[in-house]
Structure formats: C-alpha cells, structure tokens
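To start, the structure under review is shown below, and the notes come after it.
The values are calculated or read from the model by the stated rules, or taken from the named source; none is laboratory data. Every value quoted in this text rests on a predicted model; they were computed, and no experiment measured them. So basically every Cβ, Gly included, is an ideal-geometry build from the backbone, and we count neighbours across all protein chains shown.
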Amino acid sequence: MMDDSSRISLVEQIEALLREKLGGRVLGLRVVILDGGVILRGRSVTYYVKQLAQHVTMKEMKRPILANEIEVQENPAGAWCHPLDESD
C-alpha cells in the first residue's frame, strides 16, 4: 500500500512520461493509481494512441491496467493532428 505523497509523486512521474512519449496526443491526461492497479483517463484522436498510452504505462508501472478510459474522439478541440491530415 502506498502513502499519499508517494502516490502523488508516482502519478506526476508517469503523467510526465506519457506526455513526453505521446507528444501531447492525449488531452486531459490523468493517471489514477489504486492499490489494485492503474486507470488511464483523457481524450485522444486515435485508438493507436490510446493503446500506446496503455502499453507505456504497463511497461513503466509494472501494475495491471484496471481501465483505459481514454476516450477516442474524431478531433477533440485542441487535439494534435498531423499537418497533412485533411480531415479538418
């Protein structure tokens, strides 16, 4: 069982790592650490990025993912898009 300060520090580290690895492609990224594992939250434009966030978290945390609640939306406001993406 983790104390609150250790949990907060770990959450901050994992969120920073995910932002770095994902290049800001998950908006509103939040990591929730529970005794049984991890919950991911946020918004993304692709299922690939959602899955990538899960794999990076599993590798770094070595804890089970209880839920990946990253919502995939076609183009959430402010989302990163490839410059050649003509879907806008």
Can you say whether Ile39 is of a type outside the set (S, T, N, Q) and at pLDDT 95 or above, as far as the supplied structure shows? yes
Please state which one of Ile14, Ile33 is surrounded by 15 or more Cβ atoms within 10 Å (Cβ to Cβ), of a type in the set (A, V, I, L, M, F, W, C) and assigned to a strand (DSSP E or B). Ile33
Between a residue in the range 64-78 that is over 16 Å from Glu15 (Cα atoms) and part of a loop (DSSP other than H, G, I, E, B) and any residue that is of a type in the set (Ser, Thr, Tyr) and at pLDDT below 95, which pairs come within a Cβ distance under 7 Å, given they are 6 or more apart or on different chains? Asn75/Ser87
